[in-house]
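Colleague: This structure is in structure tokens; I'll ask about it shortly.
FYI, it's all coordinate maths here, none of it is from the lab. What you see is a predicted model; the values in this text were computed from it and never measured. FYI the Cβ positions are ideal-geometry reconstructions off the backbone, even for glycines, and counts take in every protein chain you see.
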Amino acid sequence: MIIGALITIAGRYPAGLRAGSFVTADVPFAPNAYRFENGVRMAGPGCTFQPPSCVDMKNQRLPTLPDVKQRLVAVDEEMGTVLFRLAFGRGSLIGPAFEGKELVTFEAFKVYGGAIHAAEAVFKAAPLNQPSGWD
């Protein structure tokens with residue numbers, strides 16, 4: 001696939017987070033697509049987060065996170081991999097311990113055949129609106 005198509009397809013994922021629905025954002029997931037978060041299978045076949053609702057990645061329940069900011073970090077056209085830095089914004093972390101913080105991730109997407117086959121993320125809490133370091 002060409003680089004622009006890889007970025008467009010992977011970019012549908014953060015669009016789904018903003019909309020609160022991968023269906024609404026029409027994210028093209030492969031039938032057996034999965035997501036790992038900090039090494040744990042959180043969506044797709046064999047998921048551990050609220051099964052059985054997490055098995056179908058496209059139709060899983062999501063919070064609406066309208067403030068998600070994405071920054072393209074890298075694209076490997078040969079491997080079909082796109083890496084974004086995502087800052088999820090206000091409301092992405094809940095509870096008094098997370099006041100003034102947001103979820104920040106580096107998220108890699110494996111894209112081929114016009115679909116996302118895998119998403120792998122490393123998350124952490126960070127101060128709200130902290131610069132990425134590449135601004």
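Colleague: May I ask you to say which residue of Val27, Val23, Val55 is closer than 23 Å to Leu6 by Cβ and surrounded by fewer than 18 Cβ atoms within 10 Å (Cβ to Cβ)? Before you say what the answer is, go through the steps one by one.
Modeller: Numbers: Val27 fails: surrounded by fewer than 18 Cβ atoms within 10 Å (Cβ to Cβ); Val55 fails: closer than 23 Å to Leu6 by Cβ.
The unique qualifying residue is Val23.
Colleague: Collect the residues in the range 106-131 that are without any contact (Cβ under 8 Å) to a residue 24 or more places away in the chain and part of a strand (DSSP E or B), keeping them in residue-number order.
Modeller: Step one: list which residues in the range 106-131 are without any contact (Cβ under 8 Å) to a residue 24 or more places away in the chain, which gives 124, 131.
Listed by number, the list holds a single entry, Lys124.
Colleague: Also, quick follow-up: Residue by residue through the range 64-87, note down the ones that are in a loop (DSSP other than H, G, I, E, B) and among the hydroxyl-bearing types (Ser, Thr, Tyr).
Modeller: Kept after step one, since they are in a loop (DSSP other than H, G, I, E, B), are these residues of the range 64-87: 64-68, 77-80.
Within the range 64-87, Thr64 is the sole residue that qualifies.
Colleague: Sticking with this structure for a sec: From Asp26, Asp56, which residue is in contact with a strand residue (DSSP E or B) (Cβ under 9 Å, 6 or more places away or on another chain) and acidic (Asp, Glu)? Working first, answer last.
Modeller: Numbers: Asp26 fails: in contact with a strand residue (DSSP E or B) (Cβ under 9 Å, 6 or more places away or on another chain).
Just one listed residue meets the conditions, Asp56.
Colleague: State the number of residues belonging to the range 1-44 that are at positive phi and of a type in the set (Asp, Glu).
Modeller: 1
Colleague: For the range 30-52, how many residues are in a strand (DSSP E or B), loosely packed, with under 13 Cβ neighbours inside 10 Å and touching a residue at least 60 places away in the same chain (Cβ under 8 Å)? Reasoning before the result, please.
Modeller: Our first condition is that a residue be in a strand (DSSP E or B); within the range 30-52, this holds for 30-37, 40-43.
Filter once more, keeping what is loosely packed, with under 13 Cβ neighbours inside 10 Å: 31-32, 40.
From the residues that got through so far, the ones that are touching a residue at least 60 places away in the same chain (Cβ under 8 Å) too are 32.
Counting residues in the range 30-52 that are in a strand (DSSP E or B), loosely packed, with under 13 Cβ neighbours inside 10 Å and touching a residue at least 60 places away in the same chain (Cβ under 8 Å) gives 1.
Colleague: Can you give me the number of residues within the range 64-91 that are of a type in the set (D, E, K, R), farther than 17 Å from Asp135 by Cα and touching a residue at least 60 places away in the same chain (Cβ under 8 Å)?
Modeller: Selection size over the range 64-91: 1.
Colleague: Continuing with this model, one more query. Taking the range 112-123 on its own, how many of its residues are of a type outside the set (A, V, I, L, M) and in contact with a strand residue (DSSP E or B) (Cβ under 6 Å, 6 or more places away or on another chain)? Steps first, please.
Modeller: Filtering the range 112-123 for residues of a type outside the set (A, V, I, L, M) gives 112-114, 117, 120, 123.
Keeping just the survivors that are in contact with a strand residue (DSSP E or B) (Cβ under 6 Å, 6 or more places away or on another chain) gives 117, 120, 123.
Selection size over the range 112-123: 3.
Colleague: Kindly indicate whether Phe98 is closer than 19 Å to Arg18 by Cα, surrounded by 14 or more Cβ atoms within 10 Å (Cβ to Cβ) and aromatic (Phe, Trp, Tyr).
Modeller: Details: closer than 19 Å to Arg18 by Cα: no; surrounded by 14 or more Cβ atoms within 10 Å (Cβ to Cβ): yes; aromatic (Phe, Trp, Tyr): yes.
So Phe98 fails the test.
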